[in-house]
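Structure first, commentary second.
No lab work stands behind these numbers, since they all come straight from the coordinates. Values in this document were obtained by computation on a predicted structure and should not be read as measured data. With ideal geometry, Cβ positions are generated from the backbone for all residues, glycine too; neighbour counts draw on all protein chains shown.
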Amino acid sequence: MYGLQAISAHNGWAISVVGITIVFTGLVLLSLSIAQLHKILDLWENRHNLGSLKERLLKKNQPEKILSFTEQQKESAKQFKLLARTMDDSFALPKLLRLAEVSGLNAPHSSLALLLESGIIKSEESGFFTWDREMFMKIVQ
Amino acid sequence: METLFIDFFQNTGIFLCDYRNIIMIIVGSIFIYLGIAKHYEPLLLVPIGFGMLVGNIPVFEGLGLGIYENNSVLHYLYYGVTQGIYPPLIFLGIGAMTDFSTLLARPVLMLLGAAAQAGIFITFLGALALGFAPNEAASIGIIGGADGPTAIFLTAKLAPTLIGPIAVAAYSYMALVPVIQPPIMRLLTTRKERLIRMEEPREVSKREKMLFPIIAFLLCCFLAPAALPLLGFLCFGNLLKEAVVTERLAVAARNAIIDTVTILLGLTVGASTQGNVFLTSSSVGIFFLGAISFCIATAAGLIFAKIMNLFLKTKINPLLGAAGVSAVPDSARVVQMVGQREDPTNFLLMHAMAPNISGVIGSALGAGVLWSFIR
C-alpha cells in the first residue's frame, strides 16, 4: 500500500497531529514554567519581606482617588489649562501662578492647590511641573 | 600442503570479497577523510568510518567474527546499540556538558525547538506514503530530529533491522549540517532579517540552573513517559553539572563515559553496515527521506521564527529557527556563521544554543511519543 491510502490505513494523520501537538505542548509548558521560575525564586529569596511587598501591592491595586470638582472649580481648571498651554511641557509653578494673577483668574492660589492635589498638575524630579491631560479629562470633562 | 594453502586462500578477504564490501569500504574511507581532513564531526565520523572498514572485511560464517554472529566480540559490543543502552549514556554526557543558561534567559526561544520537530512527523507521513511500515516510518522520521542517539534509540526499539542505515544517515546529516542548512537559511530569510541583533540575555542564577533539570524532567516525562530513558539521563547529567557538589560525577559523565560510549557506538554502528545488509533499496529510501526530513526540520524552524516575529515586540533573528534541529552545537554554529557572513559583529551563537538545546528535548519527546504510539 502506498500514498495517501497507506497513511490513512496506518492512522498516520492522527499520529502526526497528536504527536506534534504533544511535543509542542510539552515545550510550551516547560517554557512557561521556566519563564516564571526566576520570579518564584525571587519571591522565595525575599520571603522575609513579603509583608512589605504585600502592602506595596495593596497600595498599587487600590483605585486612585479622583477628586470631584464643583462647576466653578472646573471652569477655573479649564482656564488654567489654557494658560498652561502657552508654556512649555515642563513649567515653573510660580510662573503659572503669576500668569493666572495677571489674567485675573479668581482665587488663583487655592485653584492651583486644588489642581496639585487632584494630580492634574504633577511635579517632576527636576523641580518643574507638567500638565496631566488624562487626569484633566477624567475630572473636568 | 597445497590443499592447506588453497583452504587458507579461500578464507581470505580477497577471495570472499563482494563488490558491496568494496563500496562500503570506500564510503568508510570517505567518512574518515571528511572527519580528519574536513573536520566534519570527527568524533563521530572517524569511529563510524573505521567501523565500516571493520564491518566490511569479509569473513566466513562460523568463526564468530562478524557483528551479526551471536558469539562475536563485535556482537556483544553491538548489544548496547540494539538494546538502546548507549543513547541514554550519551545523553547523560550531553547533559553534563550543556549549559542551559541561554534557554532559561529566553524561554520563548524554546518554541523554535518545538517547531523544528515538525520535520519528524512530516517525514513519518512521507515514509508511510512510500510504503514503509509504521515502525520503520517512525524510525526514519526521527532522523529529522538530527539527533543520532535518539534516532538509534527509537530504531532499536521499533525497527532494529534498520539501525545501520538510520544511524549512518542520522550521523551523516549531523556532520553535513554546515553544508545542508545554509542554503535553506538564505532561501527562507531576507538580508534584513539576517541582520537582526538579539537582545542581551538576562543573568541566570545558579539556583535556576539547578532546578531546571528537575522541572524539565518531571514535566516532560509526566507528559510523555516514553521519553524517560533519554530525558531522564539528559536531565540527570545536567543536575550533576549544576549541583556543584557532584562535580566528580559530572566530569566522569562528560569525559570518560561519553567518550567511551561514543567510541563503542560509532565503531559498532559503522561495523553494522556490512555491504550485503546495508546496500539495499530501503537504505536508499532511508537516506533520501532522511535528507528531506532534515531539510523540513530546518525550514519549519525558520518559518516558525518568522511567524513569531509577527507577534513579538522585540524581533528575533529568524536564523535561530534553524538551530531548532538538535545537532548540538553544530546547527548553532551554522547560525553564527551565516549571521556573521552578513554582519561580522553580530554574535548569534549564544542565542542559538537555546533553540538547539530545546531541539534535543523536543526530539527526545518526539521519539517517546512515536514509541508509545507504535509499540
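Quick notes on this structure:
- Ordering of B:256-263, B:324-331, B:51-58 by packing is B:324-331, B:51-58, B:256-263, highest average first (other Cβ atoms within 10 Å, averaged per residue).
- Inter-label distance for residue B:246 and residue B:280, nm, one decimal - labels placed 7 Å from Cα along Cα-to-Cβ: 4.1 nm
- Protection proxy ranking of B:351-364, B:189-202, A:17-30, by the mean of other Cβ atoms within 10 Å over each peptide's residues and highest first, is B:351-364, A:17-30, B:189-202.
- Acute angle (nearest 10 degrees) that the helix A:93-103 long axis makes with the longest principal axis of chain A, alpha-carbon atoms: 50 degrees
- Ratio of Rg to Rh over segment B:145-228 (Cα coordinates, Kirkwood Rh, two decimals): 1.11
- Given charges at Cβ of Lys, Arg, Asp, Glu: chain A dipole, positive-most of A:76, A:136, A:5: A:5
- Using a simple spin-label model with pseudo-atoms 7 Å out from Cα toward Cβ, residue B:43 and residue B:205 lie 3.2 nm apart.
- For segment A:3-61: span of alpha carbons on each principal axis (Å, largest first): 66, 23, 10
- The dipole here belongs to the protein assembly as shown: it is taken about the Cα centre, uses +1 on the Cβ of Lys and Arg and -1 on the Cβ of Asp and Glu, and is about 1640 debye.
- In chain B, helical runs assigned H by DSSP with n ≥ 4 each contribute -39500 (n - 2.57); averaged across all residues and rounded to the nearest 500, the mean residue ellipticity at 222 nm is -22000 deg cm²/dmol.
- Helix B:42-55 and the longest principal axis of the C-alpha atoms of chain B enclose an angle of approximately 20°.
- Length gained when the stretch residue A:75-residue A:122 is fully extended (0.36 nm per residue, less Cα-Cα span): 15.0 nm
- Averaged over the residues of B:116-127, the number of partner chain Cβ atoms lying within 10 Å of the residue Cβ comes to 4.
- Cα long-axis angle, helix A:108-118 against chain A (0 to 90 degrees, to the nearest 10): 20 degrees
- Expressed as a whole percent, the proportion of Cα-Cα pairs in segment A:71-140 lying more than 18 Å apart is 27%.
- Cα→Cβ-extended label distance, 7 Å offset, between residue B:161 and residue A:39, nm: 5.4 nm
- Remark: mean inter-chain Cβ contacts per residue of A:41-51 equal 1, using a 10 Å Cβ-Cβ cutoff to other protein chain atoms.
- Share of Cα-Cα pairs in chain A lying beyond 22 Å, as whole percent: 64 percent
- For segment A:71-140: relative contact order, % (alpha-carbon pairs under 8 angstrom, 6 or more apart): 35 percent
- For the protein assembly as shown, Kirkwood radius (reciprocal of mean inverse C-alpha pair distance, Å): 26.6 Å
- Stokes-Einstein diffusion of chain B at 4 °C, 1.567 mPa s viscosity, Kirkwood radius from Cα pairs, rounded to a whole number: 61 µm²/s.
- For the segment B:196-205, counting C-beta atoms of other chains within 10 Å of every residue's C-beta and taking the mean gives 1.
- Segments B:97-106, A:76-85 sorted - mean Cβ within 10 Å per residue, highest first: B:97-106, A:76-85
- Residue (of B:249, B:337, B:368) at the positive-pole extreme of the protein assembly as shown, dipole from beta-carbon charges: B:337
- Stretching residue B:341 away from residue B:260 to a fully extended chain increases their span by 25.5 nm, per 0.36 nm per residue minus the current alpha-carbon distance.
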